[in-house]
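Down below is the structure, laid out as structure tokens.
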Amino acid sequence: MKNELESQNQQTPQPRPFWKRSWVPIGLGILIMALLLIIIFWPESIAPGKPVFIRDVYIVLDPSGSMLEKRDSKLDPRSSTKTDLEEAKKFVTERILPLLGPGDQVFCYNIGPGFVESDNRVFGEKQIPGAPENLLNPKLADKVPAKDVNAVWQQARDVINGDWATRVNGVSGPVGGKPGSNYIEAFSYIVARLKTHNQRSQKNQRPREQWLIVIGDLIQSPEPNPFRPPEPEPEDGEAFKGIQVRLFYPYRVNKETKIRPDDLKKFWGEYFSKRGAAEFLMAPLDDLTQAISPSPVPDGSGRK
């Protein structure tokens, strides 16, 4: 009997240790591979980076008397606005401001009989934040936390849709109540600003896009006689080099029109080309040409 029990005990297989079972190496291999894939492909978060400015945008709006003439709604059913100034303000709030974003430095000025920065400024004191540097790098943009992207865009939109839109809509008539629309004086000031910003850009080694967008009837006052633009000063031969110039105007041709659109296009085309502008466009207010390209800063809307 004893021998039989010993024989049975010898024949009963003993369980193998856990680490020697056949499926363990396979399972460990799969687990290690999964961890490696997570490490490789998991989107690593990075800091947004320092704020930088990438575009200088100058908006010039003409609220002079010639833009305030009432329209006859029966003869001009184009829109619900009553004057060319209302149309011009609508152009700014609906076709320019929505395309701006973080990293844009934007200044808006009125045209008047002369130019005094503090008198002619519509907005510019309150600026939007710079664009986080890493958002501008396609390889890093997706790694910037969504909360940081949303925060910088919210700050920008608060200023654009709040302070700036309110100030544009508040423009109601000639600067200081005085007649006149001296576009050339306003452009001379902007040339001075551009020179300053270009010097800063060279120091920071970050070139900026630069835009000049003008909305008005484009009639220079006092009117030059003969009707030709003044010659540039020697130092201003390249004043608008690299600047994208966009002029938008209310198209007017009738028996009372002294200066026709073709005359204006020739006048301002010569003015800007003699000052180095290669990117020049002049179009009616209802033209569908884009006033400015959309902000290049990702707003995170495509993220899941």
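Table for the structure above
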item	result
Qualifying residue in segment 183-205 (condition: farther than 26 Å from K241 by Cα, in a helix (DSSP H, G or I) and either under 20 Å from the mean Cα position of the chain (by Cα) or without any contact (Cβ under 8 Å) to a residue 60 or more places away in the chain (or both))	no
Check on D56, modelled with pLDDT under 90, surrounded by 14 or more Cβ atoms within 10 Å (Cβ to Cβ) and not in a loop (DSSP other than H, G, I, E, B)	no
The one condition in (1) open to solvent by 40 Å² or more (accessible area, probe 1.4 Å); (2) at pLDDT 95 or above that N110 fails to fulfil	(1)
Filter pass, D119 being crowded, with 18+ Cβ neighbours inside 10 Å and among the charged types (D, E, K, R)	no
Segment 213-242 - residue that is of a type in the set (D, E) and over 20 Å from G276 (Cβ atoms) and, of those, surrounded by the most Cβ atoms within 10 Å (Cβ to Cβ)	D217
Residue list for segment 265-280, restricted to those being open to solvent by 50 Å² or more (accessible area, probe 1.4 Å) and of a type in the set (A, V, I, L, M, F, W, C)	A278, F280
Residue within segment 142-157 that is without any contact (Cβ under 8 Å) to a residue 60 or more places away in the chain and more than 30 Å from L61 (Cα to Cα) present	yes
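The values are calculated or read from the model by the stated rules, or taken from the named source; none is laboratory data. Owing to the predicted nature of the structure, the values given are computational and were not obtained by experimental measurement. Note that we place each Cβ from the backbone using ideal geometry, even for glycine, and neighbour counts take in every protein chain shown. Surface accessibility is based on the protein's heavy atoms, side chains included, excluding ligands, DNA and RNA. Shrake-Rupley method; radii C 1.70, N 1.55, O 1.52, S 1.80 Å.
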